[in-house]
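The values are calculated or read from the model by the stated rules, or taken from the named source; none is laboratory data. It should be emphasised that the depicted structure is a prediction, and the values quoted were computed from it without experimental measurement. Ligands, DNA and RNA are stripped out before the accessible areas are found, and what is left, the full protein with its side chains, is counted by its heavy atoms. Shrake-Rupley method; radii C 1.70, N 1.55, O 1.52, S 1.80 Å.
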Amino acid sequence: MLWRGRRQSDNIEDERSDSGGGPGGGLGGGGQFRIPIGGRTGGGGSIILVILVVLAGWYFGFDPSQILGDGGGQITEDTGSQNGGAPANDEMKQFVATVLADTEDTWTGIFKSEGLTYQDPKLVLFSGQVRSACGFASAAAGPFYCPGDRKVYLDMTFFQQLDQQFGASGEFARAYVVAHEVGHHVQNLTGIMGKFNQMRQGMSEADANQLSVRIELQADCFAGVWAHYTAQKGILEQGDVESALNAAKQIGDDTLQKRMQGYVVPESFNHGTSQQRQTWLARGIKSGKLSDCNTMGGPI
Ligand SMILES: [Zn+2]
(Lines give C-alpha, C1' and ligand atoms only; values in the text may rest on other atoms or scores of the structure.)
Protein backbone atom coordinates (compact mmCIF):
# COMPACT_ATOMS: atom_id res chain seq x y z
CA MET A 1 0.00 0.00 0.00
CA LEU A 2 1.44 3.35 -1.03
CA TRP A 3 0.56 5.11 2.18
CA ARG A 4 3.61 7.27 2.91
CA GLY A 5 3.11 10.99 2.55
CA ARG A 6 -0.66 10.73 2.72
CA ARG A 7 -2.81 12.41 5.34
CA GLN A 8 -2.62 11.03 8.87
CA SER A 9 -5.60 11.15 11.17
CA ASP A 10 -5.68 13.35 14.26
CA ASN A 11 -7.99 10.88 15.92
CA ILE A 12 -5.25 8.68 17.36
CA GLU A 13 -4.98 8.56 21.13
CA ASP A 14 -1.62 7.14 22.04
CA GLU A 15 -1.87 5.56 25.47
CA ARG A 16 1.00 3.17 25.05
CA SER A 17 3.12 4.73 27.73
CA ASP A 18 0.22 4.79 30.19
CA SER A 19 -0.27 1.10 30.50
CA GLY A 20 3.12 0.03 31.70
CA GLY A 21 2.50 1.37 35.16
CA GLY A 22 4.52 3.83 37.10
CA PRO A 23 3.18 6.84 38.94
CA GLY A 24 1.49 9.67 37.19
CA GLY A 25 -0.07 9.39 33.81
CA GLY A 26 -2.94 7.09 34.19
CA LEU A 27 -6.45 7.31 33.09
CA GLY A 28 -7.98 10.52 34.24
CA GLY A 29 -7.03 11.85 37.62
CA GLY A 30 -5.70 9.81 40.48
CA GLY A 31 -3.62 6.71 40.49
CA GLN A 32 -3.85 4.03 37.94
CA PHE A 33 -5.82 0.93 38.46
CA ARG A 34 -3.66 -2.09 37.96
CA ILE A 35 -6.14 -4.81 37.43
CA PRO A 36 -4.76 -8.25 36.76
CA ILE A 37 -6.52 -9.41 33.68
CA GLY A 38 -6.79 -13.09 32.98
CA GLY A 39 -4.52 -13.88 35.85
CA ARG A 40 -5.19 -16.16 38.72
CA THR A 41 -5.06 -13.65 41.47
CA GLY A 42 -7.53 -13.88 44.30
CA GLY A 43 -11.25 -13.64 43.79
CA GLY A 44 -11.62 -10.29 45.53
CA GLY A 45 -10.00 -8.35 42.73
CA SER A 46 -12.09 -10.08 40.12
CA ILE A 47 -15.30 -9.30 41.93
CA ILE A 48 -14.35 -5.66 42.21
CA LEU A 49 -13.47 -5.67 38.54
CA VAL A 50 -16.83 -7.16 37.61
CA ILE A 51 -18.65 -4.60 39.73
CA LEU A 52 -16.67 -1.79 38.16
CA VAL A 53 -17.44 -3.00 34.68
CA VAL A 54 -21.13 -3.42 35.44
CA LEU A 55 -21.30 0.03 37.01
CA ALA A 56 -19.50 1.50 34.03
CA GLY A 57 -21.98 -0.28 31.81
CA TRP A 58 -24.88 1.19 33.68
CA TYR A 59 -23.39 4.59 33.60
CA PHE A 60 -22.73 4.51 29.90
CA GLY A 61 -25.96 2.78 29.10
CA PHE A 62 -24.74 -0.40 27.48
CA ASP A 63 -24.31 -3.99 28.33
CA PRO A 64 -20.64 -4.51 29.17
CA SER A 65 -20.72 -8.02 27.78
CA GLN A 66 -21.27 -6.53 24.36
CA ILE A 67 -17.78 -5.48 23.69
CA LEU A 68 -16.75 -6.46 20.21
CA GLY A 69 -13.43 -8.12 20.48
CA ASP A 70 -11.66 -9.37 17.43
CA GLY A 71 -8.68 -11.21 18.72
CA GLY A 72 -10.02 -14.52 17.60
CA GLY A 73 -10.01 -16.25 20.92
CA GLN A 74 -7.33 -17.04 23.37
CA ILE A 75 -4.03 -16.05 22.00
CA THR A 76 -1.17 -17.09 24.14
CA GLU A 77 1.01 -14.11 24.33
CA ASP A 78 3.30 -12.48 24.74
CA THR A 79 6.83 -12.41 23.83
CA GLY A 80 7.28 -8.90 22.71
CA SER A 81 4.76 -6.66 24.26
CA GLN A 82 6.86 -4.73 26.70
CA ASN A 83 7.62 -2.09 24.19
CA GLY A 84 5.50 0.73 25.55
CA GLY A 85 6.05 3.58 23.14
CA ALA A 86 9.00 1.91 21.48
CA PRO A 87 10.36 3.90 18.57
CA ALA A 88 10.15 0.81 16.39
CA ASN A 89 6.42 1.31 16.44
CA ASP A 90 6.50 4.88 15.29
CA GLU A 91 6.35 4.00 11.65
CA MET A 92 3.57 1.57 12.41
CA LYS A 93 1.71 4.31 14.24
CA GLN A 94 2.00 6.53 11.18
CA PHE A 95 0.71 3.70 9.07
CA VAL A 96 -2.32 3.19 11.33
CA ALA A 97 -2.98 6.95 11.38
CA THR A 98 -2.85 7.01 7.59
CA VAL A 99 -5.21 4.06 7.21
CA LEU A 100 -7.56 5.61 9.74
CA ALA A 101 -7.52 8.91 7.82
CA ASP A 102 -8.33 7.04 4.65
CA THR A 103 -11.31 5.33 6.31
CA GLU A 104 -12.49 8.76 7.50
CA ASP A 105 -12.39 10.13 3.96
CA THR A 106 -14.08 7.10 2.47
CA TRP A 107 -16.87 6.83 5.01
CA THR A 108 -17.48 10.57 5.05
CA GLY A 109 -18.07 10.36 1.30
CA ILE A 110 -20.32 7.32 1.52
CA PHE A 111 -22.41 8.81 4.34
CA LYS A 112 -22.72 12.09 2.48
CA SER A 113 -24.04 10.34 -0.59
CA GLU A 114 -26.75 8.87 1.65
CA GLY A 115 -27.56 12.28 3.14
CA LEU A 116 -25.90 11.34 6.43
CA THR A 117 -23.02 12.76 8.43
CA TYR A 118 -20.13 10.52 9.36
CA GLN A 119 -18.61 11.06 12.77
CA ASP A 120 -15.01 9.94 13.03
CA PRO A 121 -14.15 7.36 15.65
CA LYS A 122 -11.09 7.69 17.87
CA LEU A 123 -8.43 5.01 17.74
CA VAL A 124 -6.62 4.26 20.98
CA LEU A 125 -3.19 2.70 20.77
CA PHE A 126 -2.39 0.83 23.94
CA SER A 127 0.18 -1.53 25.25
CA GLY A 128 -0.70 -4.52 27.38
CA GLN A 129 -4.01 -3.46 28.84
CA VAL A 130 -6.45 -0.62 28.58
CA ARG A 131 -9.54 0.81 30.15
CA SER A 132 -12.43 1.60 27.82
CA ALA A 133 -16.06 2.48 28.38
CA CYS A 134 -16.63 -1.23 27.82
CA GLY A 135 -14.39 -2.14 30.74
CA PHE A 136 -10.81 -3.27 31.07
CA ALA A 137 -9.27 -5.24 28.29
CA SER A 138 -6.02 -7.02 27.79
CA ALA A 139 -4.07 -7.08 24.56
CA ALA A 140 -4.57 -10.84 24.54
CA ALA A 141 -8.19 -10.22 23.57
CA GLY A 142 -7.05 -8.56 20.36
CA PRO A 143 -8.25 -5.32 18.80
CA PHE A 144 -11.81 -4.28 19.57
CA TYR A 145 -14.39 -1.58 19.11
CA CYS A 146 -16.30 -0.18 22.06
CA PRO A 147 -19.68 1.30 21.08
CA GLY A 148 -19.96 3.02 24.47
CA ASP A 149 -17.16 5.48 23.72
CA ARG A 150 -17.00 5.03 19.95
CA LYS A 151 -13.36 4.10 20.02
CA VAL A 152 -11.27 1.46 18.33
CA TYR A 153 -8.67 -0.10 20.64
CA LEU A 154 -5.50 -1.54 19.21
CA ASP A 155 -2.32 -2.93 20.68
CA MET A 156 -0.05 -3.01 17.66
CA THR A 157 1.72 -6.12 18.89
CA PHE A 158 -1.35 -7.82 17.43
CA PHE A 159 0.19 -7.12 14.03
CA GLN A 160 3.20 -9.22 14.98
CA GLN A 161 0.93 -12.03 16.08
CA LEU A 162 -0.94 -11.74 12.84
CA ASP A 163 2.32 -12.12 11.04
CA GLN A 164 4.12 -14.69 13.16
CA GLN A 165 1.37 -16.80 14.72
CA PHE A 166 -1.40 -16.55 12.18
CA GLY A 167 0.63 -16.46 9.00
CA ALA A 168 -1.06 -13.27 7.84
CA SER A 169 1.65 -10.89 6.83
CA GLY A 170 1.58 -7.76 4.76
CA GLU A 171 0.64 -4.16 5.33
CA PHE A 172 -2.75 -4.54 3.85
CA ALA A 173 -3.57 -7.38 6.22
CA ARG A 174 -3.03 -4.84 8.99
CA ALA A 175 -5.05 -2.22 7.18
CA TYR A 176 -7.89 -4.74 6.97
CA VAL A 177 -7.80 -5.20 10.74
CA VAL A 178 -8.18 -1.44 11.26
CA ALA A 179 -10.87 -1.18 8.58
CA HIS A 180 -12.81 -4.06 10.15
CA GLU A 181 -12.93 -2.24 13.49
CA VAL A 182 -14.01 0.94 11.73
CA GLY A 183 -16.70 -1.24 10.12
CA HIS A 184 -18.08 -1.83 13.62
CA HIS A 185 -18.14 1.93 14.11
CA VAL A 186 -20.17 2.30 10.93
CA GLN A 187 -22.57 -0.31 12.32
CA ASN A 188 -22.81 1.72 15.49
CA LEU A 189 -23.53 4.99 13.68
CA THR A 190 -26.14 3.40 11.45
CA GLY A 191 -27.99 1.75 14.33
CA ILE A 192 -27.22 -1.78 13.18
CA MET A 193 -25.24 -2.51 16.29
CA GLY A 194 -27.96 -1.21 18.59
CA LYS A 195 -30.44 -3.49 16.92
CA PHE A 196 -28.03 -6.39 17.17
CA ASN A 197 -27.55 -5.83 20.87
CA GLN A 198 -31.29 -5.65 21.36
CA MET A 199 -31.90 -8.82 19.40
CA ARG A 200 -29.43 -10.87 21.28
CA GLN A 201 -30.96 -10.12 24.65
CA GLY A 202 -32.36 -13.32 26.04
CA MET A 203 -31.00 -15.46 23.23
CA SER A 204 -29.27 -18.74 23.86
CA GLU A 205 -25.53 -18.58 23.55
CA ALA A 206 -25.57 -20.57 20.32
CA ASP A 207 -28.13 -18.22 18.75
CA ALA A 208 -26.24 -15.16 19.95
CA ASN A 209 -23.08 -16.57 18.39
CA GLN A 210 -24.85 -17.00 15.07
CA LEU A 211 -26.01 -13.42 15.18
CA SER A 212 -22.52 -12.31 16.12
CA VAL A 213 -21.16 -14.07 13.03
CA ARG A 214 -23.50 -12.00 10.87
CA ILE A 215 -22.37 -8.77 12.49
CA GLU A 216 -18.71 -9.70 12.11
CA LEU A 217 -19.09 -10.70 8.48
CA GLN A 218 -20.74 -7.38 7.80
CA ALA A 219 -17.77 -5.59 9.37
CA ASP A 220 -15.56 -7.62 7.01
CA CYS A 221 -17.72 -6.55 4.08
CA PHE A 222 -17.54 -2.91 5.19
CA ALA A 223 -13.75 -3.25 5.37
CA GLY A 224 -13.98 -4.48 1.80
CA VAL A 225 -16.06 -1.45 0.80
CA TRP A 226 -13.30 0.74 2.19
CA ALA A 227 -10.68 -1.26 0.26
CA HIS A 228 -12.73 -0.84 -2.90
CA TYR A 229 -12.42 2.94 -2.71
CA THR A 230 -8.80 2.76 -1.65
CA ALA A 231 -8.07 0.72 -4.75
CA GLN A 232 -9.72 3.42 -6.86
CA LYS A 233 -7.23 5.92 -5.49
CA GLY A 234 -4.48 3.88 -7.06
CA ILE A 235 -2.57 3.35 -3.83
CA LEU A 236 -2.80 -0.42 -3.65
CA GLU A 237 0.14 -2.50 -4.67
CA GLN A 238 0.41 -5.94 -6.12
CA GLY A 239 -0.51 -8.49 -3.50
CA ASP A 240 -2.36 -6.11 -1.18
CA VAL A 241 -5.82 -7.50 -1.75
CA GLU A 242 -4.46 -11.03 -1.49
CA SER A 243 -2.83 -10.29 1.86
CA ALA A 244 -6.11 -8.96 3.28
CA LEU A 245 -7.98 -11.99 1.97
CA ASN A 246 -5.35 -14.26 3.46
CA ALA A 247 -5.73 -12.50 6.83
CA ALA A 248 -9.49 -13.03 6.68
CA LYS A 249 -8.79 -16.70 6.06
CA GLN A 250 -6.25 -17.06 8.85
CA ILE A 251 -8.52 -15.52 11.47
CA GLY A 252 -11.60 -17.51 10.52
CA ASP A 253 -13.05 -19.32 13.52
CA ASP A 254 -12.49 -22.80 12.09
CA THR A 255 -8.88 -22.13 11.15
CA LEU A 256 -8.13 -20.53 14.52
CA GLN A 257 -9.73 -23.31 16.50
CA LYS A 258 -7.95 -25.97 14.49
CA ARG A 259 -4.66 -24.26 15.11
CA MET A 260 -5.22 -23.68 18.81
CA GLN A 261 -7.05 -26.77 19.98
CA GLY A 262 -6.88 -29.16 17.06
CA TYR A 263 -10.63 -29.41 16.50
CA VAL A 264 -13.57 -27.15 15.75
CA VAL A 265 -16.75 -26.41 17.69
CA PRO A 266 -19.06 -24.77 15.14
CA GLU A 267 -21.64 -23.64 17.74
CA SER A 268 -18.97 -21.51 19.33
CA PHE A 269 -18.09 -19.67 16.11
CA ASN A 270 -18.72 -15.96 16.54
CA HIS A 271 -16.77 -14.36 13.70
CA GLY A 272 -17.38 -16.74 10.82
CA THR A 273 -15.41 -19.43 9.08
CA SER A 274 -12.40 -18.67 6.94
CA GLN A 275 -14.46 -19.12 3.83
CA GLN A 276 -17.25 -16.84 5.06
CA ARG A 277 -14.85 -14.10 6.09
CA GLN A 278 -13.05 -14.22 2.77
CA THR A 279 -16.31 -14.26 0.84
CA TRP A 280 -17.76 -11.18 2.54
CA LEU A 281 -14.55 -9.22 2.47
CA ALA A 282 -14.18 -10.01 -1.24
CA ARG A 283 -17.77 -9.01 -1.85
CA GLY A 284 -17.22 -5.59 -0.31
CA ILE A 285 -14.00 -5.10 -2.24
CA LYS A 286 -15.65 -6.03 -5.51
CA SER A 287 -18.82 -3.98 -5.27
CA GLY A 288 -18.04 -1.09 -2.92
CA LYS A 289 -21.74 -0.94 -2.08
CA LEU A 290 -23.22 -1.08 1.40
CA SER A 291 -26.31 -2.77 -0.01
CA ASP A 292 -24.18 -5.77 -0.90
CA CYS A 293 -23.19 -6.15 2.74
CA ASN A 294 -26.55 -7.30 4.01
CA THR A 295 -25.47 -10.22 6.14
CA MET A 296 -28.55 -10.01 8.33
CA GLY A 297 -31.01 -11.79 6.12
CA GLY A 298 -30.52 -14.84 3.97
CA PRO A 299 -27.74 -17.35 3.86
CA ILE A 300 -24.23 -16.35 4.72
ZN1 LIG B 1 -15.21 -7.55 14.67
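Please give every one of the aspartates and glutamates within straight-line cross-link reach of K233, meaning a C-alpha to C-alpha distance under 19 Å, and leave out same-chain neighbours fewer than 8 residues apart. Reachable aspartates and glutamates: D102, E104, D105, E171, E242.
For K151, nonlocal amide neighbours, meaning residues 5 or more places apart or on other chains whose placed amide H falls under 5 Å from its own, are C146. Solvent-accessible area of segment 131-226 (1.4 angstrom probe, protein heavy atoms only): carbon and sulfur portion equals 43 percent. Less than 5 angstrom separates the built amide H of E13 from those of L123, V124, L125, all sequence-distant by 5 or more or on a different chain.
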